Ligand SMILES: Nc1ncnc2c1ncn2[C@@H]1O[C@H](COP(=O)(O)OP(=O)(O)OP(=O)(O)O)[C@@H](O)[C@H]1O
Ligand SMILES: [Mg+2]
């Protein structure tokens, strides 16, 4: 069964460089939790802190309520799946999976039984005698999962485990991992820089940048209500309009941008005169259909690309700013032509206003 | 084989290939095979007066080899050489394994370079000079005795050079590098994550080394041991400079035989020494289950 992980003000400093700082969060027992962030933002460092390969420069990590200070990785109920898997090449598949049990001095017969069960669990029955090098990428992946699960960890950490696989296998393994997590109820801490992966697999996720947690929450909340400009632009595609907040009206606000005034949603209650950015997702923009809209912009069509279910259209606003919109393909002929003048619209609810300076409490 | 041949033809062209083949075979024949054969021939002939050569007594015989087994003293010296070389090998392995592991896997950045340089610098100096240095350190009125007298650990200077200890120490010192480099090379290629993975699965340091690091380093350990053993068994400088006059080594025995014009016995003993090294090599490869293919890794 999974255990919970508490990080209290955790920071990690490598000779004057803070790779992780002020991480204050809680991961529930049995949760599938992901860390999402660009390369070098400190994801692996955070994982190594939780598994005990690094000692935090400050703060405390507790697992299942127990302070982990001074407890080495070999004494923690955690298991890690390394970015490069780190299978033992000189051992057979069965020996790889049984390694942790061998260390725990589980008798041979029982060990073999467990290894067979695990091979069953990861859908690889009968490959126990093979050499690691004779397996395919996806099979190695599963062996690594089985090896980590063999020691019955309470917390399983996965460091971008799917990044080396091809697209199809990656999609397949996502579902597999999720299934295994549901079956074993182990707490999964998953690292990725692929937002699709983070969104489809996780119960909750944290977006990281520069060693800090930018936002933590449910996937839909993070996508629909990004809390910082970083999250808004890192997660999903978005259009940005820079401007100064000129007028506040109830729950909405108006900013003056070079493109013109825009009606926006103002969840952080920014005050008048704040330098701010409005974020508008491409899929929330539509062509004007005569009805009244909060924001409407005259544009010209630049290019478009047909993606089957969607059509992505690149536009230019009146002041020459590029704008991306995405509409679903309903089969009707849209009469798209480069250079054609159109009017596009989006509601104030879909224009999210955030302060230009990242507002950290 | 055919593939190698085709590739070589492609690489060098027909004339180049002919040159390479001729050069390699001439080299092998003149520099490697011929001297060995001449030595072997010497060893299989009895020691004769010049006028007896070519006469009826000049036949092939194993009598030179038999001397080793009939002469008790020679046998003792031979066994001592094996024993000491083994000791040197084990000693070098025990010292070099942690050093190599540290340089290859623990140290980071510039300190790796400094450690390497520190290991190599003593080898810029000729082996004889290094042994003379040890002679100075270990002499009755040498630095070590002086220091220990001054501290007060001893009241009389110790004669370090009485037994074989000084020779073994000198040999171990002379050949550590031949152990460090193969080990370092083998350990270098070990993925750090494998060590971490084993630790993550609960393994202690001892288990990690026994199950992960040492198996990975096997070819390096085998090569290092073979080199150290061969160099140890074959050295004459260390026993001559650091050994006491009363202790005699197998290489010194061979040397003396050549010096006293008994080339036949000297050649036989030299062949025995070469065979010993081959046997040791075969044993090492078998013990570490390393194939010759793995050695070239
Ligand atoms: N042992 C170390 N010594 C010094 N700096 C380190 C060390 N480990 C990591 N760093 C630095 O910390 C930062 C974060 O590294 P980390 O490996 O955690 O990033 P990451 O988010 O996992 O990136 P990626 O997605 O590329 O794997 C990097 O700038 C890295 O250079
Ligand atoms: Mg990483």
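The values are calculated or read from the model by the stated rules, or taken from the named source; none is laboratory data. Everything quoted here is computed from the prediction, not taken from an experiment. Every residue, glycine as well, gets a Cβ built from its backbone with ideal geometry; the counts of neighbours run over all protein chains shown.
What the table shows:
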read-out: Residue match in region A:70-87 (condition: away from ligand 1 (no atom under 16 Å from the Cβ), surrounded by 18 or more Cβ atoms within 10 Å (Cβ to Cβ) and either within 19 Å of the chain's Cα centre (by Cα) or under 19 Å from residue A:129 (Cα atoms) (or both)); value: yes
read-out: Options A:59, A:70, A:52, A:42: the member that is in the same structural domain as residue A:186 (by TED's automatic domain parsing), in contact (Cβ under 8 Å) with a residue 60 or more places away in the chain and at positive phi; value: A:42
read-out: Tabulated pairs, region A:147-163, first within 12 Å of chain B (Cβ to nearest Cβ), second at pLDDT below 90 and within 11 Å of ligand 2 (Cβ to nearest atom), C-beta under 7 angstrom, 6+ apart or interchain; value: A:159/A:83
read-out: Region A:249-264: number of residues that are surrounded by fewer than 20 Cβ atoms within 10 Å (Cβ to Cβ) and touching a helix residue (DSSP H, G or I) at 6+ places or on another chain (Cβ under 7 Å); value: 1
read-out: Within region A:85-94, tally of residues that are within 7 Å of chain B (Cβ to nearest Cβ) and either touching a residue at least 24 places away in the same chain (Cβ under 8 Å) or more than 22 Å from residue B:215 (Cβ to Cβ) (or both); value: 2
read-out: Some residue of region A:168-184 being part of a loop (DSSP other than H, G, I, E, B) and more than 16 Å from ligand 1 (Cβ to nearest atom); value: no
read-out: Members of region A:51-63 that are in a loop (DSSP other than H, G, I, E, B) and more than 16 Å from ligand 2 (Cβ to nearest atom); value: A:52, A:55, A:56, A:57
read-out: Unmet requirement for residue B:204, which otherwise passes all of (1) facing chain A (nearest Cβ under 9 Å); (2) out of contact with any strand residue (DSSP E or B) (no Cβ under 8 Å at 6 or more places or on another chain); (3) under 20 Å from residue B:103 (Cβ atoms); value: (3)
read-out: Residue within region B:134-142 that is over 20 Å from residue B:246 (Cβ atoms) and modelled with pLDDT of 85 or more present; value: yes
read-out: Condition check for residue A:20: within 16 Å of ligand 2 (Cβ to nearest atom), touching a residue at least 12 places away in the same chain (Cβ under 8 Å) and outside any loop (DSSP other than H, G, I, E, B); value: yes
read-out: Helices (runs of 4 or more DSSP H) (entirely within region B:158-266) containing at least 1 residues that are under 23 Å from the mean Cα position of the chain (by Cα) and closer than 29 Å to residue B:143 by Cα; value: B:165-188, B:214-234, B:237-242, B:250-259
read-out: Only listed residue being over 24 Å from residue A:193 (Cβ atoms) and away from every other protein chain (no Cβ under 11 Å), chosen from A:114, A:142; value: A:114
read-out: Checklist (1) within 29 Å of residue A:114 (Cβ to Cβ); (2) within 16 Å of ligand 2 (Cβ to nearest atom) applied to residue A:198, failing item; value: (1)
read-out: Test result for residue A:138, buried (at least 17 other Cβ atoms within 10 Å of the Cβ), part of a helix (DSSP H, G or I) and modelled with pLDDT under 90; value: yes
read-out: Which listed residue is away from chain B (no Cβ under 13 Å) and either surrounded by 15 or more Cβ atoms within 10 Å (Cβ to Cβ) or within 16 Å of ligand 1 (Cβ to nearest atom) (or both), from A:5, A:60; value: A:5
read-out: Single match in A:192, A:184 (criterion: farther than 22 Å from residue A:279 by Cα and surrounded by fewer than 20 Cβ atoms within 10 Å (Cβ to Cβ)); value: A:184
read-out: Looking only at region A:35-50, and only at residues there that are in a helix (DSSP H, G or I) and near ligand 1 (Cβ under 6 Å from one of its atoms), the one that is farthest from the other protein chains (Cβ to nearest Cβ); value: A:43
read-out: Answer from B:116, B:39, B:75 - the residue that is closer than 22 Å to residue B:178 by Cα and part of a helix (DSSP H, G or I); value: B:116
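This table checks each residue for (1) part of a helix (DSSP H, G or I); (2) surrounded by 15 or more Cβ atoms within 10 Å (Cβ to Cβ); (3) at pLDDT below 85.
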| residue | (1), (2), (3) |
| --- | --- |
| B:9 | yes, no, yes |
| B:19 | yes, no, no |
| B:23 | yes, no, no |
| B:26 | yes, no, no |
| B:29 | yes, no, no |
| B:55 | no, no, yes |
| B:82 | yes, yes, no |
| B:94 | yes, no, no |
